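Notes follow the structure.
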Amino acid sequence: MPDRGGGPTGPRIRVGRPSRRVRTLLMTLGVLAVLGMAFTMFAGFWTDWLWYRSVNYSSVFTTTLWTKIGLFFVFGLLMAVAVGFNIWLAHRLRPPLSAMSMEQQSLDRYRMGIAPYKKWLLLGITALVGLIAGASASSQWRTWLMWVNGVPFGQKDPQFNLDVAFYAFDLPWYRFLLGFGFAAAILSVIAAALTHYLYGGLRITSPGARATAAATGHLSVLLGIFVALKAVAYWLDRYGLAVKSSDFKATDNWTGLRYVDANAYLPAKTILFCIAVICALLFFATLWRRTWQLPLIGFGLMVLSAILIGGLYPAIVQKFQVQPNEQAKEAPYVEKNLKATRDAYGIEGTQVTEYSGTSNNDDPTKLRDDVDATASIRIMDPNIVSPTFQQLQQMRKYYAFPTNLDVDRYSEQGKDQDTVIGLRELNYAGIDKQNWINNHFRYTHGYGVVAAKGTTADSEGRPVFTESDLPSKGQLGSYEQRIYYGEKTNTYSIVGGPQKEIDYSDDSGEKTYSYEGKSGINLANPVNRAAYAVALNEPQILYSGAIGEGSRILYNRTPKERVEAVAPWLTIDGDAYPAVVGNRIQWIVDAYTTTNGYPYASRTTLGDTTADSLTATNDQRAVVAQQNQVNYIRNSVKATVDAYTGEVKLYQWDTKDPVLKTWMKAFPDTVEPRTAISGDLMAHLRYPQDLFKVQRELLTRYHVKDADTFLSGSEVWQVPDDPTNKSGDAVPPYYLSMRMPDQKEQAFSLTTTFTPNGRDNLSAFMAVDAEAGTDGYGKIRVLKLPTSTTVNGPKQVQSQFNSEQDIAESIRLLRGGDSEVEYGNLLTVPLDGGLLYVEPVYVRGGGLKYPLLRKVLVSYGGNTAFEDTLDQALNKVFGAEGSTPPPPDEGEGEDTTPPPPTSDNPTVQEALSDAQKAFEAGQEALKNNDWEAYGRAQEDLEEALKRAEEAQSRAGGTGGGAADEPGPTSSPSPSTSPDDV
């Protein structure tokens, strides 16, 4: 009978121990898991390094990396040593345990449990606190670099007579060190107290002394260090008053000392500093006295003093000295705040001029002529006509324009022309077949610039394009049209390898292309492929046959992303805009240096200040700088990003900015000098919108220089809400070529209006010379209207437009059927003492999916007009026509009628007569949105022109005849079919 228990003759069954094969498998899986995690961390590091090297900014990566590593190890080691040393010292000072109390006997099992692992436990605790402290310290790399590279401002604060650099660069670092010291002291006290308790140095329930002499001395020294750090904190708080924010009725985010700060808090901080020093010495004295009595008395005195001197006394001063005569007490400190705030935001040179708001010129012809000399009024609103660009110039579904186009200026016949411009960028949502190859290999770039005159529309209300079609052609000449880097390019592409890209399509079909630039990272290297497969979580990168020799991966492709990455110390403007510079499309990005430590300068929240009625609706227009608070800002850098190669260049714009100089010391050779800006690029640089919006918000209060007026609040302005929509957000600033009253000629400007706080009438008009490279660039001019009379503001003008019976009836007719009326930018132009308001009105309706300019609203001196064209509206408002006729290309629109016949051949005349009839039939069908009739008319037109050409050729040549002229254009562009519309 077999032995079931596994005796000598039967097999033995081993239970509870895994087999060697299982152990090997588990070990292998563990090793693989560790290697996987290690490679994942390596992939992130390696791909970052490759990217920075590809854009030639590897020094930014290495400087930032080594700074973080240095701070991590230095402060992590300091924290670990501080805590570890105090644990070791507490253990070393433990009392003998020969006569153990009941309390200690209950702790004995804990001591016995950790005894074999004391060293490992000590190492674990110190490593944990070191890692946490090191990680926290590494995030302070900007603070460290600014402290170690700080450049003097050359300006001193009015209270302590210290350079502004102390508050901007030094004080933040000292505060970090102080915070680190407090953390180290508190953790050391906790760790030492627990160790003393565990080993009998501290007793809670046992009779007799609560602490041994050694434990008393040890903990007293640690508490003395803590109190000494508090003394340092009181001393630094004295300087912190100069950059302290407080609520003050005169303004939000008030910064700097007030009367109560200078006369109560400042002496209180000094007294508390002295008390804290004495209290710390009393704690240190326990090394000899071995008693807690005096230190505890001193600590209690310090706490009581902090309540009475630091809290109650300033409240008494505020109540009984300041409030009874607040204006007189606060005036000297308000003057300091006024000066510092104006300096910090670059508004100290603002020119405020009295402006009547009503014209004394009785000559209507002179007024009408002055309009053309004063402003090039833009009736193409870049925030409205994007769908029109989309419909007429999209060409393919996989192209798209930004929601809000940009305004730039380009030379036409030697004269700058305000131009609405947009790029035909790649639209991934429009790709018919969404798959990995199409999304990342075939559809890789947009194509071409589309531009239109800002001051002109054609007879149908469409933009007059100066650059259009695919490939784009027009006034911009020859340039690289492929757009690999743009605002809509938010995914990676792999280019240059075996897989050909779709370049563009024309009548002959799709054109293919292979990227020839040097941008991106080479994927032929298997290590790089593996790293990007992990970093992008895309395993196909490892084995795809579409990747081979020459394949390069492009990512971080939006202009904002690229500039932020190569210059993480800059705050980026929310609106990057394109320009054709030389033979390249360049994205121009404005960047700011900021600080929160300018003494006495009031703070502002950038995200709130730069928001307006456009930022909420624009899918690309990011609000600058999120919600961080600053009290100093400079547009110190102009950056460019090449739309084809992705090359990033940073140019020093503000050569006096000490914050920029500090960062240029920290990251040498990353910012090129201002002299490196080419003339072509300079012609397209402009004053940035976000800086302008910050300055206009500050000027609502800080346009006054008198402390009494500032305190009274009688001159407070506000930025009006946008009257053209119901968003309730601030009206955006508008770019416009115009001439202020003290200027001799027009300048490209950025403009806005102000209304009194809580009212709708106009209080001021503000403009800044936005044309870079000119002597007047950056000069802010404010026209202040009298308070004794009222001049209509934007909301009132809009209400006037809507309430006039004739205008209201016309708008009602425009809204007939399923049409929608959209109001364009309400432009304000100072003219001969008065204010001219111009607003284009667009209609989107019928079969059209895009807005067309149908009417123009104009108001001046209480008179309003609502006409088909700007010229007609101006003529009606002023009751006179301009004495200088506009050039042919700047009138109501381009002449779209067929040219008159120039041949006596009757067959030619008959064919051209048929062409004229077909054209007129097409125009009538277009107005009625009858696309079937429109298509027939186009076919008749083409056939008639062909007959005319053949007849002219038979008659003896084609030179000079009407058939040589291009055929009449119609509503959509030639490449847009009725089906597309």
Can you give the relative contact order of the stretch 490-556 as a percent, counting alpha carbon pairs under 8 Å and 6+ residues apart?
48 percent
Could you list His91, His445 so that the one with the fewest beta carbons within 10 Å of its beta carbon is first and the one with the most is last?
His91, His445
With the dipole of the stretch 490-556 defined by +1 on each Lys or Arg Cβ and -1 on each Asp or Glu Cβ, the option from Asn525, Thr512, Ile541 whose Cα lies farthest towards the positive pole is Asn525
Rg and Dmax [Cα atoms of the stretch 381-483; Å; Rg one decimal, Dmax integer]:
14.5, 49
Work out the length of the dipole vector of the stretch 381-483 about its Cα centre, built from +1 on the beta-carbon of each Lys and Arg and -1 on the beta-carbon of each Asp and Glu, and round it to the nearest 20 debye.
460 debye
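What's the whole-number percent of alpha carbon pairs in the stretch 558-685 lying beyond 27 angstrom? Mind showing how you got there, number by number?
On the way: 1576 of 8128 pairs.
Result: 19 percent of Cα pairs exceed 27 Å.
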Name the shape class, rounded, prolate or oblate, that the alpha-carbon gyration tensor gives for the stretch 137-233, where a ≥ b ≥ c are the square roots of its eigenvalues, rounded holds for a/c under 1.5, and otherwise prolate holds if a/b is larger than b/c and oblate otherwise.
prolate
The farthest towards the positive end of the charge dipole of the stretch 288-413, of the residues Ala344, Leu367, Ser356, given +1 on Cβ of Lys and Arg and -1 on Cβ of Asp and Glu, is Ala344
If each residue of separation counts as 0.36 nm, what is the full-extension length gain between Ala524 and Leu25 once their alpha-carbon separation is subtracted?
176.2 nm
Sort Cys274, Cys279 by Cβ crowding within 10 Å, fewest neighbours at the top.
Cys274, Cys279
Run the simple label-point estimate for Thr774 and Asn583 please: 7 Å along Cα→C-beta, distance reported in nm.
3.1 nm
Listed residue (Gly461, Val449, Ile421) projecting farthest to the positive dipole end of the stretch 381-483, Cβ model:
Val449
Given unit charges at Cβ for Lys, Arg (+) and Asp, Glu (-), the dipole magnitude of the stretch 212-344 about its Cα centre in debye, nearest 20, is 280 debye
With charges set only on the Cβ (+1 for Lys and Arg, -1 for Asp and Glu), what does the dipole of the stretch 286-416 come to about its Cα centre, in debye to the nearest 20?
1260 debye
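Between Asn56 and Tyr543, how high is the FRET efficiency from 1/(1 + (r/R0)^6) when r is the Cβ-Cβ distance and R₀ = 45 Å? Nearest 0.05. Walk me through the numbers on the way to the answer.
Working: r = 31 Å, r/R0 = 0.69.
For R0 = 45 Å, the calculated efficiency reads 0.90.
Expressed in nm to one decimal, what extension gain is obtained for the pair Ala315 and Ser508 from 0.36 nm per residue of sequence separation less their Cα-Cα distance?
Numbers: separation 193, 0.36 × 193 = 69.48 nm, distance 8.26 nm.
Going from the current span to full extension adds 61.2 nm.
Classify the stretch 284-431 as rounded, prolate or oblate from the Cα gyration tensor: take a ≥ b ≥ c as the square roots of its eigenvalues, call it rounded if a/c is under 1.5, otherwise prolate when a/b beats b/c and oblate if not.
Values: a/c = 4.71, a/b = 1.93, b/c = 2.44.
Oblate shape, in that a/c is at least 1.5 and b/c is the bigger or equal ratio.
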For the pairs Lys415/Lys649; Lys518/Lys779; Lys518/Lys638; Lys156/Lys649; Lys68/Lys339, note any where the Cα-Cα span goes beyond 31 Å.
Lys518/Lys779; Lys156/Lys649; Lys68/Lys339
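Sorting Val317, Val719 on the 10 Å Cβ count, fewest up front, what's the list? Walk me through the numbers before you get to the answer.
Values: Val317 19, Val719 22.
By the 10 Å Cβ count, ascending, the order reads Val317, Val719.
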Can you list residues from other chains, or at least 5 along the same chain, whose modelled amide H is less than 5 Å from the amide H of Thr358?
none
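Relative contact order, percent, of the stretch 394-488 when contacts are C-alpha pairs under 8 Å separated by at least 6 residues? Write out the running numbers ahead of the final one.
On the way: 160 pairs, mean separation 24.2, N = 95.
In percent, rounded to a whole number, it is 26.
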Candidates per GluC sites (Glu not before Pro) in the stretch 525-606, loop by DSSP, up to 11 other Cβ within 10 Å
Glu549
Amide hydrogen neighbours beyond the local backbone of Lys855, cut-off 5 Å, H modeled:
Val841
Radius of gyration and maximum dimension Dmax of the stretch 212-344, Cα, Å
19.1, 61
Expected unfolding gain across Ile271-Ala880 under the 0.36 nm per residue rule, minus the alpha-carbon gap, is 211.6 nm
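Values in this text are rule-based calculations from the coordinates and carry no lab data. Fair warning: this is a prediction, and the values are worked out from it, not measured in the lab. Backbone-built Cβ (ideal geometry, glycine too); neighbour counts: all protein chains shown.
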